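Take a look at the structure below.
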Amino acid sequence: MEQTIKANGIEICYETFGDPAAPTVLFVMGLGAQMITWPDLFMTGLTGAGYHVVRYDNRDVGLSTKFHDAGTPDFRAIVSAMSEGRKPDVPYTLRDMAADGIGLLDALGIERAHVVGASMGGMIVQQMAIDSGDRLASMVSIMSNTGDPSLPPPSPEAMAVLTKPGPDTDNIEELVEHAMANRKVVGGEGFEDTEQARQLSAAVIRRQFYPVGAARQRAGIMASGSRTEALRRISTPTLVIHGDSDPLVPVQGGIHTAEVIPGARLEILKGMGHAQFPKYQPELLRLITGHVRDNS
């Protein structure tokens, strides 16, 4: 059952599964993505393995606090500020979003947790390890990177998914069509246009459609810079998972993440793009569960 709690000065919508007395696994979603897009297989699989699972909506997405007053970010101004060594004018950064996750653990009375993040969520859990490593039993970073500016950028088609505005409509069917087209661009071999996938997209849109929140999250990523040197100093047991066909966050980002984090293990999944489609979910669950178990 979804609930809302005050944490790190904002309202965070979250959901729990399993026995609260068991070790906790905290799931952190990516750019503009709501917590309900985490595969149910992960929730049932980990609770079945004896873990307590928590997933939540990041700030500015889903049913967590929205930063309406911040408006639409000026990406050109952010790029200009970063290039000139100035602090960009953004309402928050990845450090604030990492503090949200730790704040949620505080509010729930959880001292330590295993953390799993996908895409931007991988960046957030990396920042958690940098700022609050004593609170992390282990970390899994999926299809993410270190923020290093030397890494390969998204493909032009994938970049268009990030930057081109969606249809100016509140028609659910049109918005679902747009979402499915974007998933096809970034998804790799696992993409399937199924009724189940369309139903999930519709459920997400009905729950909360707020694209400006994703734009502000992207601004926060841009303003956060590289975590490379800080990651070299963490001691959190880390598993890095990446697809070799990811057009949005190329696989070099995952390879680099595993190279800079001491003792990190890298798993590259053949054919996987920037999505956790059903084709890859059993293997992802196996890898996550094994890493959590090995570090419990």
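Rule-based calculations on the coordinates, nothing more; no lab input. Note that this is a predicted model, so its numbers are computed, not measured. Ideal geometry is used to build each Cβ from the backbone, glycine not excepted, and the neighbour counts take in all protein chains shown.
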Subject >> log10 of Debye I(q)/I(0), alpha-carbon scatterers only, for the chain at 0.07 Å⁻¹ >> reply: -0.23
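Among Tyr56, Tyr51, which comes first, second and so on when ranked by fewest other beta-carbon atoms within 10 Å?
Tyr51, Tyr56
When the Cα atoms of the stretch 40-117 are enclosed in a convex hull and the volume is divided per residue, what value in Å³ results?
Working: hull volume 11.0 nm³, N = 78.
Residue-normalised Cα hull volume stands at 141 Å³.
Just to be sure I understand the rule: take each whole DSSP H helix in the chain, project its Cα atoms onto its long axis, keep it if the span is 30 Å or more and its mean Kyte-Doolittle hydropathy is at least 1.0. Which ones pass?
Counting only whole DSSP H runs, no helix qualifies.
Can you tell me the alpha carbon radius of gyration of the stretch 197-296 divided by the globular rule-of-thumb value 2.2 N^0.38 Å?
On the way: Rg = 16.1 Å, N = 100, 2.2 N^0.38 = 12.7 Å.
Dividing the Cα radius of gyration by 2.2 N^0.38 Å gives 1.27.
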Subject >> Per residue, the convex hull volume that the Cα atoms of the stretch 189-246 enclose (Å³) >> reply: 162
Original post:
Taking other Cβ within 10 Å of each residue's Cβ, how do Val79, Val186, Val260, Val249 sort, fewest first?
Top reply: Val79, Val260, Val186, Val249
Original post:
Among Pro247, Ala203, Ile268, whose Cα sits farthest toward the positive end of the charge dipole of the chain (+1 at Cβ of Lys/Arg, -1 at Cβ of Asp/Glu, about the Cα centre)?
Top reply: Ile268
Subject >> Cβ-Cβ FRET estimate between Arg112 and Glu2, R0 fixed at 25 Å, reported to 0.05 >> reply: 0.55
Original post:
Rounded, prolate or oblate: which fits the stretch 7-48 when a ≥ b ≥ c are the square roots of the eigenvalues of the alpha-carbon gyration tensor, with rounded for a/c under 1.5 and prolate only if a/b beats b/c?
Top reply: oblate
Subject >> Unit charges on C-beta of K, R, D, E only; dipole of the stretch 218-293, Debye >> reply: 200
Subject >> Separation of the Leu162 and Asp19 label points, Cα + 7 Å toward Cβ, nm >> reply: 4.3
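Could you list Arg76, Arg265 in order of exposure, starting from the residue whose Cβ has the fewest other Cβ atoms within 10 Å?
Details: Arg76 8, Arg265 15.
Fewest-to-most ranking of Arg76, Arg265: Arg76, Arg265.
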Original post:
If you count, for each residue, the other Cβ atoms within 10 Å and average over each peptide, how do 154-166, 121-133 line up from highest to lowest?
Top reply: 121-133, 154-166
**OP:** Take the alpha carbon atoms of the stretch 47-122, find their center, do the same for the stretch 128-154, and report the distance between the two centers in whole angstrom.
**Re:** 13
Subject >> Stretch gain in nm, segment Glu84-Glu189, where the contour uses 0.36 nm per residue and the Cα spacing is subtracted >> reply: 33.8 nm
**OP:** Output the direction-averaged projected area (hull surface divided by four) of the convex hull of the alpha-carbon atoms of the stretch 1-146, in nm².
**Re:** 8.9
**OP:** Note the per residue figure in Å³ for the convex hull of the C-alpha positions in the stretch 108-232.
**Re:** 149
